[in-house]
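Here the structure comes first, spelled out in structure tokens, and everything after it is commentary.
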2 protein chains.
Amino acid sequence: MAPIVDVHTHVYPPSYIEVLRSRAATKTIPYVTSFPEDPDNHRLIILPGEDDSSTPSTARGRPVGPVYWDIKEKIKFMDRHEIQISVISLANPWLDFIDTSIAASEAVRINDEINSLCEQYPGRLYAFGALPLSAKPSEVVAEVKRLNTLSCMRGIILGTSGLGSGLDDPALDAIYAALEETSSMIFLHPHYGLPSEVYGPRKNEYGHVLPLALGFPLETTIAVTRMYLSGVFDRFPKLQVLLAHSGGTLPFLAGRIESCIEHDAHFIHTVKEGGRKSIWETLKQNIWLDAVIYSEVGLKSAIAASGAERMMFGTDHPFFPPLEGEDEAWLSVKTNYAAIAKAFERDQATADGVLGNNAIKALRLQ
Amino acid sequence: MAPIVDVHTHVYPPSYIEVLRSRAATKTIPYVTSFPEDPDNHRLIILPGEDDSSTPSTARGRPVGPVYWDIKEKIKFMDRHEIQISVISLANPWLDFIDTSIAASEAVRINDEINSLCEQYPGRLYAFGALPLSAKPSEVVAEVKRLNTLSCMRGIILGTSGLGSGLDDPALDAIYAALEETSSMIFLHPHYGLPSEVYGPRKNEYGHVLPLALGFPLETTIAVTRMYLSGVFDRFPKLQVLLAHSGGTLPFLAGRIESCIEHDAHFIHTVKEGGRKSIWETLKQNIWLDAVIYSEVGLKSAIAASGAERMMFGTDHPFFPPLEGEDEAWLSVKTNYAAIAKAFERDQATADGVLGNNAIKALRLQ
């Protein structure tokens, strides 16, 4: 059996948790706190409105414990689910909120800590670094280059905000150039979701389902579509982007994106000239997709869009723990394993690629 | 060859265009107007910001001409594309914006006009009616029942706003009950999109691509997911909803929606009790999807989610005309025909179902 590699698995290392705890006094999101009715447990408030006192405390933020910061828990989770290698990444919202003056030094401190955690388990842990996006662009570029010299770093994790106005910001070009030059994979991950009014006045009746199930994937889709429309993949044709949650909704909507471009007066010259790099070409040349989509339907659609050789298994650990019985195999992981097994029941080589071999090759693991 | 039926094809009948023209003086969206640099052509302003004078006039709104209101143009389009039957519907934003005091009477006037247009072409035209949602719920129910007595009406077209706060509003129950009782298909169609800030500061550089390609499908997905989470399909198990644009993104995200429910403390009792109607069961029992997705990838995903027997061909006419050469076969239509041909190249019976037979059966045509 081929090794299983998890490319979508997060940590909040101790240094980062300390930063989050320090923000509880002013209730500045993101922060870690506890509620009066449940004082012994800490909860992470990560999205606006999660600390609304009209919400039941079980729906306010999410519980945080050692599984978030103790690397032994990560290894235990990997062993329980037969995962040989994990490529860990700082969870959202990364360093996006850090004060400009200390962002570059905090990035060095936290990335070095993550790299050290990986070095404790040689061959089992690698990482995507986090960028100090609130620092000067030249400092971000310097961190990209520095990360490339660390033993276990294999790319970077990136939210959708960029320098504050999205990933189609031309001011990111120097950073994209550095990422392309160092062959660093970008793991593009959502955090900000959509403005909460889109979920309507009854949204709190549905727990976190609407922002997590719909807002997150759409945020990723909008971000990568803006990159595409702004020509990032024309200017940086070797840039490689791993999209969280099987691309958000990009595989399903790629046809509609192409059709909207072909029918928009704004793009008439580009369309008529020919030679335009289509979204389908971009999917096959620049995009990688994780297999965190929880269904055979989604998985097959993702593979049809970008190719099975560009898909890599992931768990989203430590998020989506079972509601009860944390010591058993996690339902969220079993669901994704089952989707892969079903989608490739007659093609073990492709299944092995998705489960681990694609990641080993693409991220130079082992 | 089986007949081809178009279930997603819009009209703005003359009475409706007059309403839109009357709103130009106050620039109250939606309205029909012309711009000083292009005084002979009328343009429809349908989305907020489309009349922003900093936008080039070719990107402001969209051109409107006889293809929007002259039913002969619809028949010409059908003949050109070998479509035998069209189930026409008022285009967005329907009657959502009509003053409360006249909404019920305007609905009668406009629906009667649409039914008369259909009667001019027996066996070739049917329609989905529009509801006076700004009127009293009892008036809406009365119009549902009245529509069911008209010769060519086969259901209703519905936006995502409902009575103003979405389709998960319990105040809609009387209307859902009437729709279920009369076996009226709901054609759920987007209009409002997403708040424009989600597209970032460079959105105008991309024409209408982001709101049309991403905002529209996500609006539909949010609306139907809210219906599902609020229990509409438990309370009205026979309700039938045709989702525009192959479900927005529902087929791709169904697994993630299920997973988010299974992992949300808010739903723990429902999940543990068992017997919960899953989103997959809802897709196969209550949802129909049009084939307006412009790719084989999307089409196969949609079919895998709801079943090929619940998919029906559509064009979105008169939207997405070719940028040049309107008299030829339309690219948008050819793209959807090609996706169907490719997806079912070895299964003509299923292709015939999608192209027309499913609609004939489900909507009692001919």
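The values are calculated or read from the model by the stated rules, or taken from the named source; none is laboratory data. Treat the numbers as computed from the prediction; the structure is a model and nothing was measured. Cβ: placed from backbone, ideal geometry, glycine included. Neighbour counts: every protein chain shown. All accessible areas refer to the heavy atoms of the entire protein, side chains included, with ligands and DNA or RNA removed. Shrake-Rupley method; radii C 1.70, N 1.55, O 1.52, S 1.80 Å.
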- For the range B:1-51, which fully contained strands (runs of 3 or more DSSP E) count at least 3 residues that are at pLDDT 95 or above and of a type outside the set (S, T, N, Q)? B:5-11
- Note on the structure: B:Glu50 passes all but one of the listed conditions (1) over 22 Å from the mean Cα position of the chain (by Cα); (2) more than 30 Å from B:Tyr121 (Cβ to Cβ); the exception is number (1)
- Take B:Ile102 and decide whether it is free of Cβ contacts under 8 Å to residues at least 24 places away in the same chain and assigned to a helix (DSSP H, G or I). yes
- Query: Can you name the residue in the range B:309-328 that is modelled with pLDDT of 95 or more and open to solvent by 20 Å² or more (accessible area, probe 1.4 Å) and is also farthest from the other protein chains (Cβ to nearest Cβ) among such residues?
  - Reply: B:Glu309
- One residue from A:Ala265, A:Ala304 being open to solvent by 20 Å² or more (accessible area, probe 1.4 Å) and over 26 Å from B:Ala304 (Cβ atoms): A:Ala265
- Message: Going by what's in this entry, would B:Lys342 be described as open to solvent by 40 Å² or more (accessible area, probe 1.4 Å), within 20 Å of B:Ile257 (Cβ to Cβ) and of a type outside the set (A, V, I, L, M, F, W, C)?
- Response: no
- Message: Condition (residue is more than 26 Å from A:Gly255 (Cα to Cα) and β-branched (Val, Ile, Thr)) applied to the range B:208-228: is it met by at least one residue?
- Response: no
- Item | When residues of the range B:204-221 are limited to those that are more than 8 Å from chain A (Cβ to nearest Cβ) and over 28 Å from B:Glu181 (Cα atoms), the one least open to solvent (accessible area, probe 1.4 Å) | B:Gly215
- Scanning the range B:53-93 residue by residue, those open to solvent by 60 Å² or more (accessible area, probe 1.4 Å) and assigned to a loop (DSSP other than H, G, I, E, B) turn out to be B:Ser53, B:Ser54, B:Pro56, B:Glu82, B:Gln84
- Item | Answer from B:Pro201, B:Pro237, B:Pro195 - the residue that is touching a helix residue (DSSP H, G or I) at 6+ places or on another chain (Cβ under 9 Å), at the interface with chain A (Cβ under 9 Å from one of its Cβ atoms) and modelled with pLDDT of 95 or more | B:Pro195
- Task: Could you please find all residues in the range B:171-184 being open to solvent by 10 Å² or more (accessible area, probe 1.4 Å) and touching a Lys or Arg at 6+ places or on another chain (Cβ under 9 Å)?
- Result: B:Asp173, B:Ala177, B:Glu180, B:Glu181, B:Thr182, B:Ser183, B:Ser184
- Message: Among (1) more than 9 Å from chain B (Cβ to nearest Cβ); (2) modelled with pLDDT of 95 or more; (3) touching a helix residue (DSSP H, G or I) at 6+ places or on another chain (Cβ under 8 Å), there is one condition A:Glu281 misses while meeting the rest; what is its number?
- Response: (3)
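Would you mind stating whether B:Val224 is within 11 Å of chain A (Cβ to nearest Cβ) and open to solvent by 10 Å² or more (accessible area, probe 1.4 Å)?
Values: within 11 Å of chain A (Cβ to nearest Cβ): yes; open to solvent by 10 Å² or more (accessible area, probe 1.4 Å): no.
When the stated conditions are applied, B:Val224 does not pass them.
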- Cβ-Cβ under 7 Å pairs, at least 6 apart or on other chains, the range B:345-364 side closer than 26 Å to B:Cys152 by Cα, far side of a type in the set (Asp, Glu) and assigned to a helix (DSSP H, G or I): B:Gly353/B:Glu309; B:Asn358/B:Glu309
- Message: So, in the range B:234-257, how many residues would count as being over 16 Å from the mean Cα position of the chain (by Cα) and surrounded by fewer than 24 Cβ atoms within 10 Å (Cβ to Cβ)?
- Response: 6
- If you go through the range B:277-301, how many residues are open to solvent by 30 Å² or more (accessible area, probe 1.4 Å) and either under 19 Å from B:Pro190 (Cβ atoms) or without any contact (Cβ under 8 Å) to a residue 24 or more places away in the chain (or both)? 2
- Item | Single condition B:Lys342 does not satisfy, out of (1) more than 28 Å from A:Tyr337 (Cβ to Cβ); (2) within 20 Å of the chain's Cα centre (by Cα); (3) among the charged types (D, E, K, R) | (2)
